[in-house]
Every structure is written in structure tokens, then in C-alpha cells.
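The values are calculated or read from the model by the stated rules, or taken from the named source; none is laboratory data. Remember, predicted model here, so these are calculated numbers, not experimental data. In this analysis, Cβ positions are derived from the backbone assuming ideal geometry, glycine residues included, and neighbour counts consider all displayed protein chains.
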Amino acid sequence: MDISIVVPVLNEEESLPLLYERLTEVLAGSGYRYEIIIVDDGSTDRSFEVMRELYERDEHLRLIRFRRNYGQTAAFAAGFDRARGDVVITLDADLQNDPADIPALMAKIAEGYDVVSGWRVNRQDRFLDRRLPSAIANCLIGWATGVRIHDYGCSLKAYRRDILADVQLYGELHRFIPALAHAAGGRVTEIPVRHHPRRFGKAKYGLSRTLKVILDILAVRFLMSYSTRPIHIFGLLGLFSLGIGSIVLLYLAVVRLLLLRPIGDRPLTLLGILLTMLGVQLITSGLLAELVTRTYYESQGKPIYTVREELSRE
Ligand code: UDP
Ligand code: MG
């Protein structure tokens, strides 16, 4: 199998037949061996029935139906878990992405990239509540992760399947796959892709997405740099706080014991105590995080490295 297409679907009954047609047109003409995995993320309309009708007619299709709505990330993850193609390509079901861009994505993969991200140069969404928040988010993600691509939010992306095995998805982290793949040593690039306005159905996200993205950035940044050595970040902050706190308390001790002046009413006393306690707490949090990390890696037999290739006679 060359290509696995993964499509998350939430209430897209009108778009599905058209999407299927476009995909088949592009893929059947390309000569690739392919499968189309459609993941129904708890649709409440006729999406699944529409999919089932297509499934009866075409053996390239595979369907997964969630019991309830788990979100786009879970839908992608379900597709990734089942994908058999060497390359996995994701796109939205709402026809905003164009299957005609698939050959260009494949060409980049053939150049040796592990992740090729679509960049909606001419994005057809409203400015204020879609394009603006997304521009800010892209900037922040690029800055926090060091992977400077223009359009993290674009669903049209291609991945070499083995890089996906090294990326664990949680929460709403599908947007961060290029960054996570980069952290796992993958080669990431982007190409401009087409984008169309939504013709049917409704957009599923609102502005609250932006705040969540900001929190996700924090988590991803932490995981990328410190997940195998949390004591380095907690401990450093803790030592800093403890250091300053100790100096303050030492100074106050001199004032009280040698100069015999009262210190009870000085704000500095509070600050000294606060910083010292904070320092101790941060360091112990770091130690706890070390324990958690070990449990995380060892309980799953998860290596702390990722391997691209291995040559051996064993
Ligand atoms: N989607 C999904 N589960 C959700 C929300 C969305 O599977 O909880 C699907 C949706 O059907 C569409 C894609 O994810 O195929 C992107 O959704 P949408 O077009 O609303 O988002 P946007 O284009 O604004 O990123
Ligand atoms: Mg859309």
C-alpha cells in the first residue's frame, strides 16, 4: 500500500459524496495503491449512512465510527493507528482542502521529507475569527517549537507513516504534529496548497480554540525539551528561587541577631520565606516529575530516542 488517506468527519453528509469523487479521481489516476480511511467522529446527521453506501461500492474505503464525538485529533489518531500505506495523507471532509494537491505532497515526500504540511496561501475563511487568531497561533507555535511553517492549522498534510509511530497524540495536538515530528528528528517542510470556502455544513470551531492552542503550546514546548529531564527546568527555577530566598533570610538573620533590630514588620521577611518555600516546592515537583517520567517511559517500554534506520547483521 502506498497511500492511506485519513479523513475526520463530523456532520458532513453533503460534502462526503463529492469529496469521495474528487479523491478517487486524483488517486485512481495516479497509479498509487491507496486506501481511504474515513473516521466518523460521532456525527448526528446521515454522514455514516452516506459513507456506508460508498463503502459498499468501493473496496478502497475503510470506515471507522466513534461512539461519540471525540474531536479531530482522536479521529486522526484512529486513522493513523489503522493506516497501512507508507505515506499517510490527512485532509478535511468539508472540501476546503483540494485533493488535487496530493501529487505535489507526494513529490515532496519522495524528496525525502517525513512531513509535508499544506500552506493555505489563499485561505478562504473569515478574517477576524479565523485567519487572525490562526496567524497569531502559527507565529507562537513556530517561535515555541522552532519549526517555522506558515500554517499549522491546515489539515492537508502528508506524513511518512513511520514518523507517526514516534508521535503520540493527546488532547487537541493534531495541529502540532509537524512540531512533534520535528522533535522526534523528522524532516519537515511545507508547500502552498489550494483552499476553498466551505460550501456545505457549518464550521465546528469558535474562538475558544485560540486559548486552548496557547496552553497546548506551553505543554508541547515543555514536552519537547524537558520530558526526559524535568528536574532541569523545575530544579533550575527552584534553585534560583531558593538561592535568592536564602540570601534574603541570611541578611535578615544578620539584621536580627547581630544588629538587634526587629524584622517582624518588614515585607522582606515575607518575601524571603515565600521564595525559600517556593524553591523547595519547585525542586520537589521536579523530583516527582522525574518519577512520573520514568513511569511513563518504562511502563510502556518506550525508548527515549527515535530511530530512522538501522543496519545490522544480527
Ligand atoms: N471535525 C471532526 N471532529 C470535530 C470537529 C471537526 O472530525 O470534533 C472534522 C470536520 O468534519 C472537518 C474537519 O474536522 O472535516 C475540520 O473541521 P472544520 O472545517 O470545522 O474546521 P476548520 O476548517 O475551521 O479548521
Ligand atoms: Mg473547514
**Prompt:** Which of the residues that make up the range 18-60 are at positive phi and either away from ligand 1 (no atom under 13 Å from the Cβ) or surrounded by fewer than 13 Cβ atoms within 10 Å (Cβ to Cβ) (or both)?
**Reply:** Gly31
**Request:** Please enumerate the residues belonging to the range 246-265 that are in a loop (DSSP other than H, G, I, E, B) and not small (Gly, Ala, Ser).
**Result:** Leu258, Leu259, Leu260, Arg261, Pro262, Ile263, Asp265
**Message:** Can you tell me which residue is surrounded by the fewest Cβ atoms within 10 Å (Cβ to Cβ) among those in the range 185-212 that are within 12 Å of ligand 1 (Cβ to nearest atom), hydrophobic (A, V, I, L, M, F, W, C) and at pLDDT 85 or above?
**Reply:** Ala203
**Prompt:** Which condition does Asp92 not pass, out of (1) within 18 Å of the chain's Cα centre (by Cα); (2) more than 10 Å from ligand 1 (Cβ to nearest atom), if it passes all the others?
**Reply:** (2)
**Request:** Output yes when any residue across the range 132-144 is over 23 Å from Ser227 (Cα atoms), at pLDDT 95 or above, within 15 Å of ligand 1 (Cβ to nearest atom) and of a type in the set (Ser, Thr, Tyr), and no when none is.
**Result:** no
**Item:** Tally of residues being hydrophobic (A, V, I, L, M, F, W, C) and within 16 Å of ligand 2 (Cβ to nearest atom) across the range 136-190
**Value:** 3
